[in-house]
Every structure is written in structure tokens, then in C-alpha cells.
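*Asks:* Pasting a structure here, questions to come.
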Ligand code: PAF
């Protein structure tokens, strides 16, 4: 595996590979776990070469969020990626990604889809995500990019950006990997104490409970959402939201919408956990 920090070297290498084949890309913020490695394996199936980036993007963290304490584990991550047969690790510094002060940096805004759910709780977050992913796409120039479905809204923001800006990249969503008790794998699970870790699977249980009710024909979505939020509170989580939305655009569903997604975000101690479950009724 080649490790590169500079854009010019990255471009030169990817350029050679793209002459004889195609390139898949997995953007990450590092502190890798089995969920990330499953994205790399998915990428391997889709292309001749796999590029992974590790960059903790300051632009997607608000004041007071966990940017400073987000774990930087480059050496360990690098070994894990090598073990999965990654061809190139791109690990730029903040100065390479953002040579100008943030206030002067061009931004990418994806209105609508960015303004609900996590976009309300974390203002500016999706501008930071869209900007860095747009920039990474321009740097790496991949044929295909793989994102986890755990960040369901993020995946939709990226898909919309790619469509609206006619970017020549195919976006693939990969299934969420779960621990044996159902907890979605996430770098932020590392913030949980052992007591909190024992409580955390409640989030997924609440989602599966709603999915069962929807499949049984329950149409009282507001009731399902508020009961679920109360269940989270009773278990010691502090929900930002529990929402049942239309899967294709995250709008509030009409009675005849069949394909839905249940999304939730909740704090448990210092960790903000998110999860979702697609359901057809
Ligand atoms: O999902 C993530 O890890 C990040 O939001 C991403 C897509 C790498 C952009 O910084």
C-alpha cells in the first residue's frame, strides 16, 4: 500500500491506474473498525484499485463538538487497510485540504435534504461533509465511491450533490455492520463507558420495534415516534430525534408511501449515536 499526503502525487498515481482500469474510493475519518473494512471490501469488488482517505474534517464539526478529541490512530488504521489489500492511503493534513482560512473556503451546500434531522441538530454539518467529499472526489477522481448506510442522511446528501453537480462518480451505499447485540459499528462507540455500552443496543431495539409495528399496519407515525423517544429516555439516552421518513427523500410520509426509513440520533454519555432501519410496509 502506498501512503500519500500531497494532492499532486495522489493525482499522478491515480492517473496511471485509471489508464488501465477503474478506481474505487472510500473516504473515512480514520479510527477504523470492521464497518470501515467492510466498505473497503465492497470497494475491492467494484474496481481494480482501491483508494482510502483518512481525514478528520474540521469543517463538519461545530464549535463544542468532538473534533479535538476524535481519535487519530493513523498507524493502526494503516495496518488494517494494508491487511484488506488497499492500494493507496491518502492522508492529507488540514493545510493540504484547507490552505485558506475556513471563512475564505468555497463551500458546497445541498439544500433541502441537509436541512432536516441531523442537519437541524448539527447546523453546518452537511455543508462540511459535502465540501470535503466534493474536494476529495476532485483530488482522487474515482470512478466509484462507497459510503456506509449507517449515515443514511449523509449518503443522500452525497447522492444529491453528485446528481446536481453532474459529478462523474458512481455512489454505492454499503450495509451497516452491527455488533452481535445489534449496536451499529461506529468510531464513536469508543466513547462509551462499559455501563453505557450495555445500554447502547436499545437504540437498534427501538428501531426494530417501530419497524414491526409499521409492518403490522400501525399508521400512527407520531405515536410510534414519541413512544420510541420515551423508551430511549427511560433507558438513559437523550434523543435528538426519532423519525419515520420516506426512504427516497426523507420527507414526512403520506399514507400511500410504502418504502420508509426509521432514523434516530441520541446521546449516551459523551457519544452521539445514530442509526436507521429501512422498512417497507
Ligand atoms: O462518514 C464519514 O466518516 C465522514 O463524514 C466523511 C464522509 C469521511 C467526510 O468527512
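The numbers here are math on the coordinates, done by the rules we state, and not lab data. In this text, all values refer to a predicted model and were calculated from it rather than measured experimentally. When we count neighbours, we look across all protein chains shown, and the Cβ atoms used for this are built from the backbone with ideal geometry, even at glycine.
*Asks:* On the given criteria, is residue 223 out of contact with any strand residue (DSSP E or B) (no Cβ under 7 Å at 6 or more places or on another chain), assigned to a helix (DSSP H, G or I) and closer than 30 Å to residue 137 by Cβ?
*Replies:* Judged against the criteria, residue 223 is not a match.
*Asks:* Collect the residues in region 156-189 that are within 12 Å of the ligand (Cβ to nearest atom), under 25 Å from residue 18 (Cα atoms) and in a helix (DSSP H, G or I), keeping them in residue-number order.
*Replies:* Within region 156-189, 158, 161 qualify.
*Asks:* Taking the conditions exactly as written (buried (at least 18 other Cβ atoms within 10 Å of the Cβ) and out of contact with any helix residue (DSSP H, G or I) (no Cβ under 6 Å at 6 or more places or on another chain)), does residue 233 satisfy them or not?
*Replies:* No, not satisfied.
*Asks:* Among the residues of region 44-65, write down those that are in a loop (DSSP other than H, G, I, E, B), within 13 Å of the ligand (Cβ to nearest atom) and surrounded by 15 or more Cβ atoms within 10 Å (Cβ to Cβ).
*Replies:* Across region 44-65, the qualifying residues are 55, 56, 57, 61.
*Asks:* From the set of residues in region 77-107 that are under 23 Å from residue 64 (Cβ atoms) and not in a helix (DSSP H, G or I), which is farthest from the ligand (Cβ to nearest atom)?
*Replies:* 101
*Asks:* Name every residue in region 137-155 that is farther than 22 Å from residue 109 by Cβ, within 11 Å of the ligand (Cβ to nearest atom) and assigned to a strand (DSSP E or B), in order of residue number.
*Replies:* 146, 148
*Asks:* Return the pair list, or none, for Cβ contacts closer than 9 Å from residues in region 43-55 that are free of Cβ contacts under 8 Å to residues at least 24 places away in the same chain and over 10 Å from residue 23 (Cβ atoms) to residues that are within 16 Å of the ligand (Cβ to nearest atom) and in a strand (DSSP E or B), at least 6 apart or on different chains.
*Replies:* 45/24
*Asks:* Looking only at region 108-126, count every residue that is in a helix (DSSP H, G or I) and within 12 Å of the ligand (Cβ to nearest atom) and tell me the total.
*Replies:* Residues in region 108-126 being in a helix (DSSP H, G or I) and within 12 Å of the ligand (Cβ to nearest atom): 3 in total.
*Asks:* Applying the selection to region 27-43, what residues are surrounded by fewer than 21 Cβ atoms within 10 Å (Cβ to Cβ) and more than 13 Å from the ligand (Cβ to nearest atom)?
*Replies:* 34, 37, 38, 41, 42
*Asks:* Report yes if some residue within region 117-128 is surrounded by 17 or more Cβ atoms within 10 Å (Cβ to Cβ) and farther than 24 Å from residue 237 by Cβ; otherwise report no.
*Replies:* Scanning region 117-128 turns up at least one residue that is surrounded by 17 or more Cβ atoms within 10 Å (Cβ to Cβ) and farther than 24 Å from residue 237 by Cβ.
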